[in-house]
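Below: the structure, in C-alpha cells.
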Amino acid sequence: PSYEPGKGSIDWSRMDAVVERARKMQVKLRGHVLVFDNAIPDVMYGWQMDYEGWKKFLENIITDVVRRYRGRIYQWDVINELVEDDRGQGMSFKKRFWYSRLGDSLFDIAFGAARAADPNALLFYNDYNIEWKNPKSDFLFSQLRAMKSRGVPIDGIGFQNHVIHFMSGQEHLYETNFNRFVQEGFTLAITEMDVPMNANTDPQMRGYVWKFFIELALKFRPHFGTLLTWGLNDGQSWVFTHPDLFSNPGPPLLLDHNMEKTMYYEAVFIAFESSPLRSPRKLPKSVQPLPTQPPRVRSPKGRNSKLKSFGDIPGRRVAGAWFSEKNGGQVLSNDGWAFYYANGHVATVVHTTRENLLRINAH
C-alpha cells in the first residue's frame, strides 16, 4: 500500500515469509513494533503535514499492517520506549517524532487503530527499566492506568528486561511492580530478556537472575503468559555490537556462540521443572533446586580438592566443558564453575578454583 503519492510502497515479502513459517511450525508470533521513534525513515522528517495529516497517516500504517496479519500475530507491541529515563528532573514522555506531532492522543490513535484492525490481538506498551518499582515505572503506571480508565485499549505491559544490574536484596520491588499492573487488569510479558551483566559478575548470580524471573513470571500466571529472549544465542546478540551501552558484558543468553546450552539454560530448566504449576512431571530425587537467594559459595580448600560426584555418566559436552566416565561425571566449565549431572539434570553446583580446574584432565 502507498502512504503518500509517489513515495513508493511497502514490501511485505520478508514478513509474509516469517508469518508463513511460524504457521507451518505452529509457533505463536509476536509483533514488534508499530510505533517507535528509533525506526523512522529519514524521508519522513521532511514531510510537512498538520495534526490531522499525521493522525491519518499513522492510522493507515497500523491498520494495514495489523489487518494483514490478523489472526496470525497474537500480540503486538504498539508503542515502544516512549518514557524518558529517570534523571532526577521529573518524568515525562519523550518529545520526539510521534509525540511531538500527536501529543497524548498518540496512545488513543495507535491503540485504537490496532484494536480495530484485529480485535483479538493483545496490545502492549513496551519499555526498558520498568521491571522494578522506580520513578520511571511509577510514572508509566499512573499514565497507563489513567488511559485504560478512559477507554484506551491497552491490554498489557511489555517489560524488556535487559538485566545489566539486578536489585539483589530488593527483589520485592519487582514483585510489587508486577502486582500493581496486574491489579489494574494488565497482562504482563517479558519481551526482550537477556542478562548482559559485566563479565566479572559471579556466574551463579547470573543463573540466579534467570531463575528468579522465570519463577516470578510463573507466580503471576495466568496474567503472565509470555517470556522472550532478545536473540537466540550469544553470537547473534545485540549486546556485543553496542559498546556504548554495555561495558565488558558477559554471556547474555541461554545458548553460547556455538549454539550449545549454557549453565544458565540449566537454571531456567530447573525453574520450569520445579514449578508447582508444572505437572505431572517431577524432578528426580537427586536433583536439588538452585538457591532461592543469591548464593555465596566458597572455593574448596587446596588445589586438588576432591569434589563430590554422582557416579559415572557417559561422556557428553555441556556448556563449553566436558564430563565423562573417567572423571566420574564431573563437569568442568571454563569460568571455574563445576556442575554435576544425574539423569540429565543439574544436581549440584559448586565452585572450584581456576588453578584446580587447570590441573584436572577433563575430556
Item to complete: Return only the number of the condition from (1) modelled with pLDDT under 95; (2) more than 19 Å from VAL35 (Cβ to Cβ); (3) not hydrophobic (A, V, I, L, M, F, W, C) that ASP85 does not satisfy.
Response: (2)
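Just checking, how many residues over segment 48-64 are part of a loop (DSSP other than H, G, I, E, B) and surrounded by 12 or more Cβ atoms within 10 Å (Cβ to Cβ)?
Here is the first cut: in segment 48-64, the residues part of a loop (DSSP other than H, G, I, E, B) are 48-50.
Then drop every residue that is not surrounded by 12 or more Cβ atoms within 10 Å (Cβ to Cβ), which leaves 49.
Residues meeting the conditions: 1.
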Discussion item. Can you pull out every residue in segment 51-83 that is touching a Gly at 6+ places or on another chain (Cβ under 9 Å) and either among the acidic types (Asp, Glu) or not assigned by the TED database to the domain that holds ALA17 (or both)?
Written reply: GLU59, ASP77
Discussion item. Take MET91 and tell me if it is over 28 Å from the mean Cα position of the chain (by Cα) and either surrounded by 16 or more Cβ atoms within 10 Å (Cβ to Cβ) or more than 22 Å from LEU228 (Cα to Cα) (or both).
Written reply: no
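Conditions tested, residue by residue: (1) outside the structural domain of ASP77 (by the TED database); (2) at pLDDT 95 or above; (3) open to solvent by 30 Å² or more (accessible area, probe 1.4 Å); (4) farther than 25 Å from THR176 by Cα.
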{"residue": "MET193", "(1), (2), (3), (4)": "yes, yes, no, no"}
{"residue": "ASP202", "(1), (2), (3), (4)": "yes, no, yes, yes"}
{"residue": "GLY207", "(1), (2), (3), (4)": "yes, no, no, no"}
{"residue": "ASP234", "(1), (2), (3), (4)": "yes, yes, no, yes"}
{"residue": "HIS242", "(1), (2), (3), (4)": "yes, no, yes, yes"}
{"residue": "ASN248", "(1), (2), (3), (4)": "yes, no, yes, yes"}
{"residue": "VAL268", "(1), (2), (3), (4)": "yes, no, no, no"}
Worksheet entry | Options ASP37, ASP77, ASP11, ASP86: the member that is farther than 30 Å from SER137 by Cβ and not β-branched (Val, Ile, Thr) | ASP11
Fill in: Count of residues meeting criterion [in a strand (DSSP E or B) and free of Cβ contacts under 8 Å to residues at least 60 places away in the same chain] in segment 65-77
1
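Going residue by residue through segment 20-31, is there one that turns out to be in contact with a Ser or Thr (Cβ under 8 Å, 6 or more places away or on another chain) and under 28 Å from GLY151 (Cβ atoms)?
We begin by selecting, within segment 20-31, every residue in contact with a Ser or Thr (Cβ under 8 Å, 6 or more places away or on another chain); these are 30.
Imposing the further condition that a residue be under 28 Å from GLY151 (Cβ atoms) reduces the set to 30.
The answer is yes; a qualifying residue exists.
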Item to complete: Please identify the pairs in which a residue from segment 196-215 that is over 19 Å from SER247 (Cα atoms) has its Cβ atom under 8 Å from the Cβ atom of a residue that is open to solvent by 20 Å² or more (accessible area, probe 1.4 Å) and assigned to a helix (DSSP H, G or I), counting only partners at least 6 apart or on another chain.
Response: GLY207/MET263; ILE214/PHE272
Worksheet, complete the sentence: Of the conditions (1) more than 24 Å from the chain's Cα centre (by Cα); (2) open to solvent by less than 90 Å² (accessible area, probe 1.4 Å); (3) farther than 23 Å from THR187 by Cβ, the single one that TYR45 does not satisfy is (2)
Worksheet entry | Output for segment 209-232, where each listed residue is assigned to a helix (DSSP H, G or I) and open to solvent by less than 50 Å² (accessible area, probe 1.4 Å) | VAL209, TRP210, LYS211, PHE212, PHE213, ILE214, LEU216, ALA217, LEU218
Worksheet item: Out of ARG101, ARG96, which single residue is closer than 23 Å to TRP238 by Cβ, in contact (Cβ under 8 Å) with a residue 12 or more places away in the chain and open to solvent by 40 Å² or more (accessible area, probe 1.4 Å)?
Response: ARG96
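Out of LYS136, LYS148, I need the residue that is open to solvent by 60 Å² or more (accessible area, probe 1.4 Å), out of contact with any Cys (no Cβ under 9 Å at 6 or more places or on another chain) and not assigned by the TED database to the domain that holds VAL195. Which one? Explain how you work it out, then say what you get.
Working: LYS136 fails: open to solvent by 60 Å² or more (accessible area, probe 1.4 Å).
When all the criteria are applied, what remains is LYS148.
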Worksheet entry | Contacts under 6 angstrom Cβ, first residue in segment 24-50 being assigned by the TED database to the domain that holds PHE111, partner surrounded by 10 or more Cβ atoms within 10 Å (Cβ to Cβ) and of a type in the set (D, E, K, R), 6 or more apart | HIS32/ASP77; VAL33/ASP77; ASP37/ARG96
Discussion item. Conditions first: (1) open to solvent by 40 Å² or more (accessible area, probe 1.4 Å); (2) out of contact with any strand residue (DSSP E or B) (no Cβ under 7 Å at 6 or more places or on another chain); (3) more than 16 Å from ASP127 (Cα to Cα). TYR74 passes all but one, so which condition is the exception?
Written reply: (2)
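The values are calculated or read from the model by the stated rules, or taken from the named source; none is laboratory data. Just so we're clear, the structure is a prediction, and the values are computed from it rather than from any experiment. Glycine also receives a Cβ, built like all others from the backbone with ideal geometry; neighbour counts cover every protein chain displayed. Ligands, DNA and RNA are stripped out before the accessible areas are found, and what is left, the full protein with its side chains, is counted by its heavy atoms. Shrake-Rupley method; radii C 1.70, N 1.55, O 1.52, S 1.80 Å.
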